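Below: one structure, written as structure tokens.
The values are calculated or read from the model by the stated rules, or taken from the named source; none is laboratory data. What you are looking at is a predicted structure, and each value in this text was computed from that prediction instead of being measured. Note that each Cβ is placed from the backbone with ideal geometry, even for glycine, and that neighbours are counted across all protein chains shown. For accessibility, only protein heavy atoms count, side chains too; no ligands or nucleic acids. Shrake-Rupley method; radii C 1.70, N 1.55, O 1.52, S 1.80 Å.
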Amino acid sequence: MDQTRSDSTSFHAKLVRDQFDNLEKHTQWGIEFVERYNKFVKDRTDIETSYAKQLRNLSKKYQPKRNSKEEEDQRYTSCQAFVTVLNEMNDYAGQHEVIAENMSGLIYAELSRYIQELKQERKLHFQEGRRAQQHIESCWKQLEASKRRFERDCKEAERAQFHFEKMDNDINVTKADVEKARQQAQTRHQMASDSKGEYSSALQNFNKEQHEHYYTNIPNIFRKIQDLDERRIVKIGESVKTFSEVDRQVIPIIGKCLDGITKAAESIDEKHDTQLVVEAFKSGFEQPGDVDFEDFSLPMKRTVSESSLSNSRSDGKQESKSGKSKGKLWPFIKKNKGSGPEDFSHLPPEQRRKKLQQKIDEITKEIQKESDQRDGLTKMKDVYIKNPQMGRPESVDPRLAEIEQTIEKLRQESQKFEAWLAEVEGRLPVKTDPPRRPSEMPELPSTAVNNCAQDRESPDGSYTEEQNQDPQSKVAAQSEFDDEFDDEEILAAIGTCKAMYAFEGQNEGTIAMAEGETLRVIEEDKGDGWTRVRRSEDEEGYVPTSYVEVYLDRNTKGIICTCL
């Protein structure tokens, strides 16, 4: 029976040790699982951070550069929408940074701290379990020791009693020996009795400890380990929920970013953009009129209109010509070098007006910049006057004088461009009626033609002929004008052109032509709508490109083109 109880106790002790081993493995796996999940959150955080950084770099890369053509393009609604998309993507990147920050603080950092606490608590629980196991094993060893001692003392008392009885029955043994044997037996019996008491006490104590061990201590430790594991599982669930909430919190802001992109797309106005293109590139010239019906059944007389300014101009030239072989006409005859004349007179009227206005705006900004510097230096000088220890007031004067000179020069420059702008705006057409072909214009009286009723611009952009100007003075002025360009080389013809319509050539620098007339081309259209032609060595000028069919020589351009 004692052996059976001993085997049962050993079995339960081994079972408890095995359970502790299993729980230790399971809880270790649980901690490793939390660490693995936390590593997943860390990797997600790194991805969000990297993604946000890439989005910001992408938005920055495609932002229009300052003081560049890309910045000028922002007047188009499509370009404005694209910039809005870039800005919204920048905000979108900020939300991913928020996700990364919240995941790092609310999940990763929290779980890292919790894992350390979990490991420490687990270690304490298993240390407590090992101590309880060691204690019960120690109690078991004490019980086994007292039991063996009791068993040994009983056997010794039994042998002493047998020796006493043997000595007492032996007649040859002295009385003293018998008494000694009796006392020895009594001593052994007393020792056996004491051992029995110790064994009984040890047994009671072990049973108590064993009951407390299996019914109180071990269950409590197991419950603590179970609670630890359950809290670990709950923590995982809370972290997963937080993982979702972190994303969910930024969804409304991301939705606003996407709404902003949608709104930007809806704000694109194709009519507005194309109208900007029209305004940017319109020349200001009137369109050609309708083509007249030519009745070949009647005799046709195709001559240059008597009202053509070219006739009167040619007559004046013939009277004033003194060995000059060619007449020079305002800005067209001069070749534009580099970016063109300072007053942009080589451009069509509308383009010229815009360039002049742009130049005035630039000068105004420069004046404002210099004025700001002047104000700053003035304040600095006042400070120096009030606090001489900070600096000498006269040290600022040279720079102030330099700025004043610069401002004065800029103002003079601005006035010059404003005068040119006012002149151009005064000559731009304001009527919206469709233009008529030059051949449909009513013939003017000879005196009106010769006196040139409309204003004409001289080469320097500041001369206007009056209606009552004397023809001889006009001829003299034309001769002086011709002298300015006598040193220019004669351009060789690069092809021919045929007039599709008659052109009166009333403006300075143009040449009249009759419908069907063939002229020599000496300079192609530069993009301003005019082609330079020559009728003879002393008569050349510009005609509208849309009025002629141009045939360029193959050896000059390599192709034959027709300009309509």
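Structure data summary
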quantity	calculated
In the stretch 183-201, the residues that are surrounded by 17 or more Cβ atoms within 10 Å (Cβ to Cβ) and either more than 30 Å from residue 142 (Cα to Cα) or of a type in the set (Ser, Thr, Tyr) (or both)	195, 199
Any hit, the stretch 247-255, residues being open to solvent by less than 30 Å² (accessible area, probe 1.4 Å), of a type outside the set (D, E, K, R) and without any contact (Cβ under 8 Å) to a residue 60 or more places away in the chain	yes
Filter result for the condition that a residue is at pLDDT 60 or above, farther than 29 Å from residue 536 by Cα, among the aliphatic types (A, V, I, L, M) and open to solvent by 80 Å² or more (accessible area, probe 1.4 Å), over 298, 276	298
Residues located in the stretch 149-182, provided they are open to solvent by 80 Å² or more (accessible area, probe 1.4 Å) and out of contact with any helix residue (DSSP H, G or I) (no Cβ under 9 Å at 6 or more places or on another chain)	169, 171, 172, 175
Count - residues of the stretch 10-29 that are touching a Phe, Trp or Tyr at 6+ places or on another chain (Cβ under 8 Å) and at pLDDT below 65	1
Hits in the stretch 18-31 (condition: surrounded by fewer than 17 Cβ atoms within 10 Å (Cβ to Cβ) and polar (S, T, N, Q))	19, 22, 28
Cβ-Cβ under 6 Å pairs, at least 6 apart or on other chains, the stretch 396-414 side part of a helix (DSSP H, G or I), far side acidic (Asp, Glu)	403/370; 406/370; 407/370; 410/366
Condition met for residue 73 (part of a helix (DSSP H, G or I), modelled with pLDDT under 95 and open to solvent by less than 80 Å² (accessible area, probe 1.4 Å))	yes
Residue among 41, 85, 34 that is open to solvent by less than 50 Å² (accessible area, probe 1.4 Å), under 30 Å from residue 274 (Cβ atoms) and at pLDDT 90 or above	85
Options 362, 418; residue that is without any contact (Cβ under 8 Å) to a residue 12 or more places away in the chain and either among the charged types (D, E, K, R) or open to solvent by 90 Å² or more (accessible area, probe 1.4 Å) (or both)	362
Condition check for residue 120: open to solvent by 50 Å² or more (accessible area, probe 1.4 Å) and polar (S, T, N, Q)	yes
Test: residue 256 is out of contact with any Gly (no Cβ under 6 Å at 6 or more places or on another chain), at pLDDT 85 or above and not acidic (Asp, Glu)	yes
Criterion (under 25 Å from residue 46 (Cα atoms), crowded, with 17+ Cβ neighbours inside 10 Å and among the β-branched types (Val, Ile, Thr)) met by exactly one of 136, 99	99
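Every residue, every condition in (1) free of Cβ contacts under 8 Å to residues at least 24 places away in the same chain; (2) among the charged types (D, E, K, R), yes or no:
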position	(1), (2)
167	yes, no
173	yes, no
180	yes, yes
192	no, no
206	no, no
222	no, no
227	yes, yes
